[in-house]
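Structure first, then comments.
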Amino acid sequence: MALIYPSYFPNITNYLVFINSNKVCFEIHDNYQKQTYRNRCYLYGANGIMGLHIPVHYTQNNRQKTGEIKIDNSSSWKSTHWKSLESAYSTSPFFEFYKDDLRPLFQTKTDFLLPFLFECMERINQCLEFEFTYSTSNRFEKECVDDYRFLVDARSKTVVHTKPYIQVFQHKFGYLNNLSVLDLLFNLGPEALPYLLAHPPVKMDQSDGISTTAEMGK
């Protein structure tokens, strides 16, 4: 069973874990930490890599479980995120095809972070036509054989090489690795799931926690 943290519009590596694991369990009893993919994702904008960040109410002086984290709705962040998606992907091959499925996520107020993460993931799964069964943890697990929780660290220097596909602004900055699955969806459309299914799985080096994928073409 793969143990992994839920994240905001998960990146390609997360989806490779979902696809190549017999069972997936989302850790939800962790203490919330800043600078992670729990409340951020990365896309490809006109100026290169572009981050979307969900503002939350959090203080390090008082430990909070991720499930207790409230979203800070004092700003119109959902409107900003949607406008950023339109700006980055309006010229992509499949943004028009999926926008009506995704736009409702950004039109209603959401109070808690964790339910919104699962809502976003479920909507992406519908667009991908990808079904997988998952569970959520009953308690915090200190150790697990297939522990992919380290993938949530946005500050990690680990580089996961994903198989290149055509991206909107690739002619300006080249191929950008392991972006949010949104980038894959808007660029490949119905071919996004076949891409993931054919991709080499994520491998873990238990000695140092480094995650890599098999080199393509070998």
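The values are calculated or read from the model by the stated rules, or taken from the named source; none is laboratory data. Computed from a predicted structure; not experimentally measured. Glycine gets a Cβ as well: all are built from the backbone with ideal geometry, and neighbour counts include every protein chain shown.
A compact table of results
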quantity: Qualifying residue in the stretch 119-142 (condition: part of a loop (DSSP other than H, G, I, E, B), within 24 Å of N73 (Cβ to Cβ), in contact (Cβ under 8 Å) with a residue 24 or more places away in the chain and among the hydroxyl-bearing types (S, T, Y)); calculated: no
quantity: From T13, T36, T108, T59, residue being farther than 15 Å from L182 by Cβ, among the β-branched types (V, I, T) and crowded, with 17+ Cβ neighbours inside 10 Å; calculated: T36
quantity: Segments classed as strands (runs of 3 or more DSSP E), wholly inside the stretch 1-79, with at least 2 members that are in contact with a strand residue (DSSP E or B) (Cβ under 8 Å, 6 or more places away or on another chain) and within 27 Å of T91 (Cα to Cα); calculated: 40-45, 48-53
quantity: Test for F116: is it in contact (Cβ under 8 Å) with a residue 60 or more places away in the chain, in a loop (DSSP other than H, G, I, E, B) and of a type in the set (F, W, Y); calculated: no
quantity: Yes/no for E122 being within 20 Å of C25 (Cβ to Cβ), exposed (fewer than 12 other Cβ atoms within 10 Å of the Cβ) and within 15 Å of the chain's Cα centre (by Cα); calculated: yes
quantity: Pairs with Cβ under 6 Å, 6+ apart, first in the stretch 1-29 and at positive phi and modelled with pLDDT of 95 or more, second outside any loop (DSSP other than H, G, I, E, B) and of a type outside the set (D, E); calculated: F9/C41; F9/C120; F9/S180; F9/L182
